[in-house]
């Protein structure tokens, strides 16, 4: 089965698609490849931006040339949560408080124009597994800006800015 990139290249060779469109697609696909450090993670509430994970969120977004994506985002300060067997059984409330300002998932991605689609294969939130998250993106220099699109993980739109590392 041909990938989208291969199919567009084949159409361009046949003269059915402008080569510039194929090159623009290839350029945007290559531009996202690499490691990105989270700078801001804002929720759009009543037309205003508010920090979702506080003023200094931490996180990384990785795009591989082979079509893999991995994202880890967190508030700078979270309730301590230690793995078993070293931890005393934490209460459900304690676990919720530690996980609330944290998101991690990984899977595959594909790009179409200014949209990137993350197909989730594993996640801290198991209800995301098997879903495809659509994001609108732009790259200006070493800054990647992503806006979430419905369906939203938290039910509201978010804007995230990342710096290439």
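None of the figures in this text is laboratory data; all of them are computed from the coordinates on show. Computed from a predicted model, the values in this text were never measured in an experiment. As a convention, Cβ positions derive from the backbone with ideal geometry for all residues, glycine included, and neighbour counts pool all protein chains shown.
Tabulated data
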read-out: Order of 58, 32, 129 - criterion: other Cβ atoms within 10 Å of each residue's Cβ, fewest first; value: 129, 58, 32
read-out: Residue 45-residue 142 pseudo-label distance in nm [points 7 Å out on the Cα-to-Cβ vector]; value: 3.2 nm
read-out: Stretch gain in nm, segment residue 55-residue 72, where the contour uses 0.36 nm per residue and the Cα spacing is subtracted; value: 4.4 nm
read-out: Label zone at residue 163, where the point sits 7 Å out along the Cα-to-Cβ direction: segment 42-84 residues whose backbone N lies under 19 Å; value: 42, 51-63, 72-77
read-out: Length added when fully stretched, residue 95-residue 121, from 0.36 nm per residue minus Cα-Cα; value: 7.1 nm
read-out: Cα gyration tensor, segment 30-76 - rounded (a/c under 1.5), prolate or oblate; value: prolate
